[in-house]
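Below you'll find the structure, written out as structure tokens, and then a few comments.
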Amino acid sequence: MSAGILIDGRTISEQLLGELQIEIRGLAGSGIQPGLAFVRVGEDPASKVYVGRKEKACADLGIVSRTHVLPESTSETHLLRLIDELNADASVHGILVQAPLPPHIRSAVVYSSVVPGKDVDGFHPVNVGKLMLGDRTGFVPCTPAGIQELLVRSDVRLSGAEVVILGRGTIVGKPMAALLCQKDRNANATITLCHSGTRDIKAHCLRADIIIAAMGVPEFLKADMVRPGTVVIDVGVNRINDPAAPKGTRLVGDVDFAAVRQVAGRITPNPGGVGPMTIAMLMKNTVRAAALSA
Ligand code: GUN
């Protein structure tokens with residue numbers, strides 16, 4: 001059997017960023033330069049890398065970004081005070097508080113404190129609610145929005161498709177399910193949301209037209225769980241020990257890529273699949289927030 005065709009997130013994200021560049025030029029004509037504030041708490045190495053990539057995307061596009069780095073020991077009160085300042089700052093159109101936060105800080109309280117109009121992450125309860133309701137005036141979380149865009153721009157049919165999502169996290173799994181079940185031309189799919197309590201994940205996966213793996217378990221999805229021709233989207237970023245690797249560790253996704261590629265119809269590489277789309281959608285949400293602020 002021939003190997004599955006790659007869904008190239010880098011190329012598709014560049015298309016999207018090209019479209020955004022035109023919008024940003026239009027906004028400049030109206031005297032608006034989009035501004036995005038990042039807040040990072042602590043020194044989690046992965047968060048540093050992710051925020052660094054987002055900062056670079058802003059710089060490349062002409063979005064003004066500012067990063068606020070707070071120590072791991074920061075109190076919740078202190079963080080909420082910073083968010084209040086950013087909420088009130090007219091040059092800041094979007095606010096992104098990088099997850100995960102230290103355990104002594106209540107994430108739900110923090111994400112509820114960002115005003116919904118600047119919540120380019122789509123984590124505020126108002127935006128979560130709008131997504132459930134199919135109200136498009138809200139902001140949709142960047143990774144699920146990026147995956148939908150990736151599928152649509154790759155001509156993968158979503159309407160009527162059996163989509164199996166692995167993982168019920170609040171950043172990917174749950175909003176992904178809400179997005180793809182909407183009665184919308186680019187959704188209208190039948191969703192199965194699998195998680196650690198699911199009795200027979202393999203049986204669900206074998207029925208799927210599309211599998212979205214987002215549970216954070218290294219190389220969980222194996223070739224014998226995938227029907228030939230299935231579209232496979234790998235959201236996972238997991239660091240595993242590998243004595244043969246130069247650093248003693250290496251990154252793998254939630255999909256056993258080499259084996260699953262032999263069965264899948266189409267598959268995202270990892271890296272180079274979902275990651276660049278998440279960043280592109282963050283830029284898109286920020287440009288929209290800026291345009292709506294006028
Ligand atoms: N950590 C992992 N993914 C995300 C994301 O999309 N937004 C934020 N704020 N933190 C994250």
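The values are calculated or read from the model by the stated rules, or taken from the named source; none is laboratory data. Since the model is a prediction, treat every value here as computed from it, not as a measurement. Backbone-built Cβ (ideal geometry, glycine too); neighbour counts: all protein chains shown.
Would it be correct to say that residue 123 is in contact with a Phe, Trp or Tyr (Cβ under 6 Å, 6 or more places away or on another chain) and in a loop (DSSP other than H, G, I, E, B)?
Details: in contact with a Phe, Trp or Tyr (Cβ under 6 Å, 6 or more places away or on another chain): yes; in a loop (DSSP other than H, G, I, E, B): yes.
So residue 123 passes the test.
Pairs please, first residue from the stretch 42-54 and in contact (Cβ under 8 Å) with a residue 60 or more places away in the chain, second anywhere and within 9 Å of the ligand (Cβ to nearest atom) and part of a helix (DSSP H, G or I), Cβ atoms under 7 Å, 6+ apart in sequence or on different chains.
So the pair list comes out as 54/282.
Restricting to the stretch 249-277, and then to whatever is buried (at least 24 other Cβ atoms within 10 Å of the Cβ) and within 16 Å of the ligand (Cβ to nearest atom), can you tell me which residue is farthest from residue 12 (Cα to Cα)?
Looking only at the stretch 249-277, we keep the residues that are buried (at least 24 other Cβ atoms within 10 Å of the Cβ), and these are 253-255, 260, 264, 267-268, 273-274, 277.
Checking the rest, the ones that are also within 16 Å of the ligand (Cβ to nearest atom) come to 253-254, 273-274, 277.
Values: 253: 20, 254: 22, 273: 9, 274: 10, 277: 8 Å.
For the stretch 249-277, the residue satisfying everything is 254.
Please find, within the stretch 107-138, the residue that is nearest to residue 170 (Cα to Cα) out of those that are charged (D, E, K, R) and within 15 Å of the ligand (Cβ to nearest atom). Talk me through it step by step, then tell me what you get.
Kept after step one, since they are charged (D, E, K, R), are these residues of the stretch 107-138: 118-119, 121, 130, 135-136.
From what is left, the residues that are within 15 Å of the ligand (Cβ to nearest atom) are 118-119, 121.
Numbers: 118: 19, 119: 15, 121: 11 Å.
If we take residues in the stretch 107-138 being charged (D, E, K, R) and within 15 Å of the ligand (Cβ to nearest atom), then 121 is nearest to residue 170 (Cα to Cα).
Within the set of pairs 6 or more residues apart or between chains, which connect a residue that is touching a residue at least 60 places away in the same chain (Cβ under 8 Å) inside the stretch 116-142 to a residue that is hydroxyl-bearing (Ser, Thr, Tyr) and away from the ligand (no atom under 15 Å from the Cβ) with Cβ atoms less than 9 Å apart?
Listed by first residue and then by second, the contacts come to 117/293; 118/293.
All but one of (1) under 20 Å from the mean Cα position of the chain (by Cα); (2) closer than 21 Å to residue 138 by Cβ hold for residue 86, so report the exception by its number.
(1)
Here is a list of conditions, (1) within 30 Å of residue 153 (Cα to Cα); (2) surrounded by 14 or more Cβ atoms within 10 Å (Cβ to Cβ); (3) not acidic (Asp, Glu), and residue 82 meets all of them except one; can you say which number that is?
(1)
Output the residues belonging to the stretch 240-270 that are charged (D, E, K, R), touching a Ser or Thr at 6+ places or on another chain (Cβ under 8 Å) and touching a residue at least 60 places away in the same chain (Cβ under 8 Å).
266, the sole residue that qualifies.
So which of 131, 82, 96, 158 is more than 19 Å from residue 275 (Cα to Cα), of a type in the set (A, V, I, L, M, F, W, C) and in contact with a Phe, Trp or Tyr (Cβ under 9 Å, 6 or more places away or on another chain)?
131
Looking at the structure I just gave you, is residue 42 under 30 Å from residue 150 (Cα atoms) and at pLDDT 95 or above? Steps first, please.
Working: under 30 Å from residue 150 (Cα atoms): no; at pLDDT 95 or above: yes.
For residue 42, the condition - under 30 Å from residue 150 (Cα atoms) and at pLDDT 95 or above - is not met.
Can you tell which of 226, 231, 235 is surrounded by 15 or more Cβ atoms within 10 Å (Cβ to Cβ), in contact with a Gly (Cβ under 7 Å, 6 or more places away or on another chain) and closer than 29 Å to residue 46 by Cβ? Spell out the reasoning first.
On the way: 226 fails: in contact with a Gly (Cβ under 7 Å, 6 or more places away or on another chain); 235 fails: in contact with a Gly (Cβ under 7 Å, 6 or more places away or on another chain).
Sole residue among the options that is surrounded by 15 or more Cβ atoms within 10 Å (Cβ to Cβ), in contact with a Gly (Cβ under 7 Å, 6 or more places away or on another chain) and closer than 29 Å to residue 46 by Cβ: 231.
Run down 156, 164, 152 and say which single residue is more than 14 Å from the ligand (Cβ to nearest atom) and assigned to a strand (DSSP E or B).
On the way: 156 fails: assigned to a strand (DSSP E or B); 152 fails: assigned to a strand (DSSP E or B).
Residue meeting the stated conditions: 164.
Sort out for me the helices (runs of 4 or more DSSP H) sitting completely within the stretch 1-100 that have 3 or more residues that are more than 16 Å from the ligand (Cβ to nearest atom) and of a type in the set (A, V, I, L, M, F, W, C). Full working, then the answer.
Working: elements: 9-29, 45-61, 76-88.
Hits in the stretch 1-100: 9-29.
Given the criteria more than 13 Å from the ligand (Cβ to nearest atom), within 13 Å of the chain's Cα centre (by Cα) and in a helix (DSSP H, G or I), does residue 179 qualify?
Working: more than 13 Å from the ligand (Cβ to nearest atom): yes; within 13 Å of the chain's Cα centre (by Cα): yes; in a helix (DSSP H, G or I): yes.
Judged against the criteria, residue 179 is a match.
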